[in-house]
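**Student:** Sending over a structure as structure tokens; questions will come in a sec.
The values are calculated or read from the model by the stated rules, or taken from the named source; none is laboratory data. Everything numeric in this text was worked out from a predicted model, so none of it was measured. Here the Cβ positions follow ideal geometry from the backbone for every residue, glycine too, while neighbour counts run over all protein chains shown.
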């Protein structure tokens, strides 16, 4: 029989790595509450149309990477490749804009893209992200970047660089795109096949290409910041001034774009040089027209998403918090019921307890107590039952004492 293994691009998590995940998730919840973000959880799968409209039908994500299938009713369903369209859909469907203020959400969860697995990148990967709705000011963009920078500092990630740009709006971008297409067409034969295709379908995505030859060529292309309308220009200037007020270091990069079509005006990316090639940690920006694209009102919005696997790679080992485990041993099968009653009593008090339901003798139970790392073994024998007592063995010192049942709570307060 063929051995069944996990699908390519997925990963099992357990100790000690799971401790980093638990640490990071707890810090996310603690840190972003300072900015009044509330948690939101959306479905792992959605109707495919949501991502086709929300992300852009010509993006790499929609064209090549989505996990899409037909359900039993022949509806096209997609495992979410990212979460922003889902959050927008949830807000519109549940009328949250009228019920919650401020409208600020964070999420943590798995996403799915058929991509080439590599270090820090999987086909089932995990992101946390934050989204701000109904706030159009440039200062909010700067606050968002400030929060991302602060969080990465909070978890002790070093060598951070922040890149920002403006990708304009529907008013000024049409002036830029023909100039970009003309410049790309002149160099078409030197570009990779993917970038050649993008010239007519989505020329901004050329700046996303990671092939060095395409990077060198695109560095000669026109800069979108030279084509911004006055409103977008002013917005970007305020973002930069406010970041300076927040004392956030940044680099203005006119070649920076995001891989999703819904972005307008501010975009940003944060990297760390700690691990070399796996340097991109998070990215985001403003997406003021996504609500309209999905059939809603004109609602300004901004946000970012961070790759949890990438951040985990940057974290030091997390020491495990040791808990004092109690192992309950019983002398013979006739005393098993009393041992179960004692385990229930201790667990109701919030204590970690383990017992072996198939135990044959005390000696083997002591060995199992060592294996589970118990601090104390509570022993129930005929004498203990008759005397209404418990024998307690300290597994580290091997000292053994006997305590009365009526004194158990007092002993627990002192030793646990």
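Residue by residue, here is whether (1) within 19 Å of residue 64 (Cα to Cα); (2) touching a residue at least 40 places away in the same chain (Cβ under 8 Å); (3) crowded, with 16+ Cβ neighbours inside 10 Å holds:
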{"residue": "95", "(1), (2), (3)": "no, no, no"}
{"residue": "99", "(1), (2), (3)": "no, no, no"}
{"residue": "105", "(1), (2), (3)": "no, yes, yes"}
{"residue": "116", "(1), (2), (3)": "yes, no, no"}
{"residue": "119", "(1), (2), (3)": "no, yes, no"}
{"residue": "122", "(1), (2), (3)": "yes, yes, yes"}
{"residue": "125", "(1), (2), (3)": "yes, yes, yes"}
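**Student:** Something else about it: Would you check which residues across the range 185-216 are crowded, with 17+ Cβ neighbours inside 10 Å and either within 23 Å of residue 283 (Cβ to Cβ) or in contact (Cβ under 8 Å) with a residue 40 or more places away in the chain (or both) and list them? Even if it seems obvious, please write down each step before you answer.
**Tutor:** Taking the range 185-216 as the starting set, the residues that turn out to be crowded, with 17+ Cβ neighbours inside 10 Å are 187, 191, 195-196, 198-199, 202-209, 214.
Matches in the range 185-216: 195, 198, 202, 203, 204, 205, 206, 207, 208, 209, 214.
**Student:** Is it the case that the range 27-43 has a residue that's over 24 Å from residue 152 (Cα atoms), assigned by TED's automatic domain parsing to the domain that holds residue 108, outside any helix (DSSP H, G or I) and at pLDDT 95 or above?
**Tutor:** So the first thing to find is which residues in the range 27-43 are over 24 Å from residue 152 (Cα atoms), and the list is 42-43.
Now drop any that are not assigned by TED's automatic domain parsing to the domain that holds residue 108, which leaves 42-43.
Those left that are additionally outside any helix (DSSP H, G or I): 42-43.
Then keep just the ones that are at pLDDT 95 or above; that gives 42-43.
Yes, the range 27-43 has at least one match.
**Student:** Name the one entry in 146, 151 that is in a helix (DSSP H, G or I), more than 16 Å from residue 21 (Cα to Cα) and in the same structural domain as residue 266 (by TED's automatic domain parsing). Working first, answer last.
**Tutor:** Details: 151 fails: more than 16 Å from residue 21 (Cα to Cα).
Selected residue: 146, the only one of 146, 151 that is in a helix (DSSP H, G or I), more than 16 Å from residue 21 (Cα to Cα) and in the same structural domain as residue 266 (by TED's automatic domain parsing).
**Student:** Looking at (1) closer than 30 Å to residue 314 by Cα; (2) modelled with pLDDT of 90 or more; (3) crowded, with 21+ Cβ neighbours inside 10 Å, can you tell me which one residue 232 breaks?
**Tutor:** (1)
**Student:** Across the range 290-311, what is the total count of residues that are assigned to a helix (DSSP H, G or I), buried (at least 19 other Cβ atoms within 10 Å of the Cβ) and touching a helix residue (DSSP H, G or I) at 6+ places or on another chain (Cβ under 7 Å)?
**Tutor:** The number of residues fulfilling the criteria is 4.
**Student:** Output the residue which, of all residues in the range 278-305 that are in contact (Cβ under 8 Å) with a residue 40 or more places away in the chain and closer than 12 Å to residue 120 by Cβ, is nearest to the chain's Cα centre (by Cα).
**Tutor:** 281
**Student:** Keeping to the range 395-404, report how many residues are outside any loop (DSSP other than H, G, I, E, B) and loosely packed, with under 14 Cβ neighbours inside 10 Å.
**Tutor:** Qualifying residue count for the region: 4.
**Student:** If I go through the range 374-393 residue by residue, how many of them are surrounded by fewer than 14 Cβ atoms within 10 Å (Cβ to Cβ) and under 17 Å from residue 346 (Cα atoms)?
**Tutor:** The first filter runs over the range 374-393 and keeps only residues surrounded by fewer than 14 Cβ atoms within 10 Å (Cβ to Cβ), leaving 382-383, 386-388.
Cutting the leftovers down to under 17 Å from residue 346 (Cα atoms) gives us 388.
So the answer is 1.
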